[in-house]
1. Does the stretch 201-216 contain any residue that is more than 19 Å from Lys164 (Cα to Cα), without any contact (Cβ under 8 Å) to a residue 12 or more places away in the chain and out of contact with any Asp or Glu (no Cβ under 6 Å at 6 or more places or on another chain)?
2. I'm trying to understand the selection: among the residues of the stretch 224-246, which are surrounded by fewer than 16 Cβ atoms within 10 Å (Cβ to Cβ) and touching a Ser or Thr at 6+ places or on another chain (Cβ under 8 Å)?
3. Quick one: would you say Glu447 is part of a helix (DSSP H, G or I), within 27 Å of Pro65 (Cβ to Cβ) and modelled with pLDDT under 95?
4. From the list Ser137, Ser117, which residue is under 22 Å from the mean Cα position of the chain (by Cα), at pLDDT 95 or above and assigned to a loop (DSSP other than H, G, I, E, B)?
5. Being closer than 25 Å to Tyr163 by Cβ and surrounded by 23 or more Cβ atoms within 10 Å (Cβ to Cβ): is that true of Gly303 here?
6. Consider Tyr523 carefully, then state whether it is assigned to a loop (DSSP other than H, G, I, E, B), open to solvent by less than 40 Å² (accessible area, probe 1.4 Å) and of a type in the set (Phe, Trp, Tyr).
7. What helices (runs of 4 or more DSSP H) lie completely within the stretch 369-441 and have 2 or more residues being crowded, with 21+ Cβ neighbours inside 10 Å, at pLDDT 95 or above and not hydroxyl-bearing (Ser, Thr, Tyr)?
8. Go through the stretch 246-277 residue by residue and tally those that are within 30 Å of Ala318 (Cβ to Cβ), touching a residue at least 12 places away in the same chain (Cβ under 8 Å) and not in a strand (DSSP E or B).
Amino acid sequence: MRMKKICAAVCAMFVIMTAIAACSSTKPSVNSNAANFTQTVSLKEDASQKPKYIFLFIGDGMSYPQIECTNYYLNALVNKTSMGSKDDKTILTKSDDMLGFLEFPVTGSAQTYSSTSYCPDSASAATAISTGYRTYSGRINMNENATKSYETIAEKLKKQFGYKIGIVSSVNLNHATPAAFYSHQKSRSSYYEIGRELVKSDFEYFAGGALRKPTGEKENKKDLYKLAEKSGYTVVKTQKEAKKVTPETGKVIIIDEHLADSDSMNYEIDRDDDEWALSSYVSKGIDCLSENNDKGFFMMVEGGKIDWACHANDAVTAMNDTRAFSDAVDEAVAFYQKHPGETLILVTGDHETGGMSIGSAGTNYNTYLQNLSKQKISFRKFYNKYVKKYKKKKTGFNRAMKDVTKLFGLVTEKDAGIKADDSVEMDSTDKHPAGAASKSLVLTDYELQKLKAAYKKTMTAKKDKKLTQKEYELYGSHDPFTVTIMHILNSKCGIGFTSYSHTGLPAAFFAMGAGQEKFEGYYDNTEIYKKMAELTGVR
């Protein structure tokens, strides 16, 4: 358990930020607010202090593996070392905390199981966090037989104490996790009905991905955005308009302009520098909720695409979104520095996704995390921009491999000009001109045959064909070629996955601020609500 004061020097943090910014494949890992961590935070915050401002950050699918993989990966980029190869000239002496919330003074762990399974879904896990009740997977704030609704911490804070409420997510605003703070439905798939409850919630600030099914399943119902406007919301759908939003705007729903798969925000790895990140929406939310507010506010922020990336076993994309999630937490820390006695920041995940691990059968005790920086694009964008074109044009495998080398660093023996070493005792530092970072990214014959088989499956796959057990274990429900690229790159760099679904790992928990000590230890995720309720006095 990590319990420590935050006392890193400003110059050291600046060096870290500058080094990471220089890495071509990643954006800066920590934004300028990270310097606030240099100020000492008390380990003895008054646990009896009622927090006036509460931030609850939920990394969907994020637990210890996603956090530590990201932290070690960012260290590898800064140190320019593979971190673990016996052939590496760089000696690993320490790993710095590259995600700001790792410096929080109080840590804990939360069990995540639902009434259905030890591997919960987001609806049941978020219900436990927001209401203190366990339920079936798929339910949102209702009991197991869907006969009783549960009031959420956000609804209670608004109704009983007049708190303003903000809901921010990198995925759809009527998706399971954000919905768990304002909706009550038998099924998380009832997107239109959830959207109706969003409009009725009267919460002051919504920002993130677009609403799913805004005119209903059959597209024959009143548009949710028009209903929102009728209920007094300002609906904003461009970044230019979002910049103009102020506290005087009143209730607002901001939809990200640059929507990607399923109308969610872009993955961080695919986001252009001029596009708003998750942290941008948190910053705007703080401005809207805090000004002229003597009651207080509650803001739930979800990093939803960590989960989506891990479902596809895309480690690099998941780690970039974990970093972006940490940047969003930094915005809350900057606010905390101005209101230290009144602010509580909580950071956790709803469950773990993918069974992610540091260590792979393909590398034994070695890790080559720096080589992951060769990946330039998310699994989803690669499929949409490249694989769909391959299928349409019936592109040959050798041509497709040129894109794989350019976008993921994997290279054939022929193009590398060297023979791949499949003994797993690979030299991580031997550079060659073919585009791979090292010998460890040269495909062995075994790997090349796997990739060719997956490409053939992609090119001949039929829609709605039932998968065999072998096909599911190889590819899950994802595009065979794309997910096989992920598997090979991960394995060669020292990252593993055991599942395409959620797992039963406990969620990591980090707390800083008024009442922080209540969140120390190992507890059930239903206790998160109870601890917040005790601190705030909601009934």
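The values are calculated or read from the model by the stated rules, or taken from the named source; none is laboratory data. Model, not experiment: these values are computed from the prediction. Glycine gets a Cβ as well: all are built from the backbone with ideal geometry, and neighbour counts include every protein chain shown. Please note that ligands, DNA and RNA were not included when accessible areas were found on the heavy atoms of the full protein model with its side chains. Shrake-Rupley method; radii C 1.70, N 1.55, O 1.52, S 1.80 Å.
1. No, every residue in the stretch 201-216 fails to be more than 19 Å from Lys164 (Cα to Cα), without any contact (Cβ under 8 Å) to a residue 12 or more places away in the chain and out of contact with any Asp or Glu (no Cβ under 6 Å at 6 or more places or on another chain).
2. Of everything in the stretch 224-246, just one residue is surrounded by fewer than 16 Cβ atoms within 10 Å (Cβ to Cβ) and touching a Ser or Thr at 6+ places or on another chain (Cβ under 8 Å), namely Thr234.
3. Here the answer is no, as Glu447 does not meet what is asked.
4. On the way: Ser117 fails: under 22 Å from the mean Cα position of the chain (by Cα).
One residue alone meets the criteria, Ser137.
5. Yes: the conditions hold for Gly303.
6. For Tyr523, the condition - assigned to a loop (DSSP other than H, G, I, E, B), open to solvent by less than 40 Å² (accessible area, probe 1.4 Å) and of a type in the set (Phe, Trp, Tyr) - is not met.
7. Numbers: elements: 379-382, 388-393, 397-408, 413-416.
Those helices (runs of 4 or more DSSP H) span 379-382, 397-408.
8. Residues meeting the conditions: 18.
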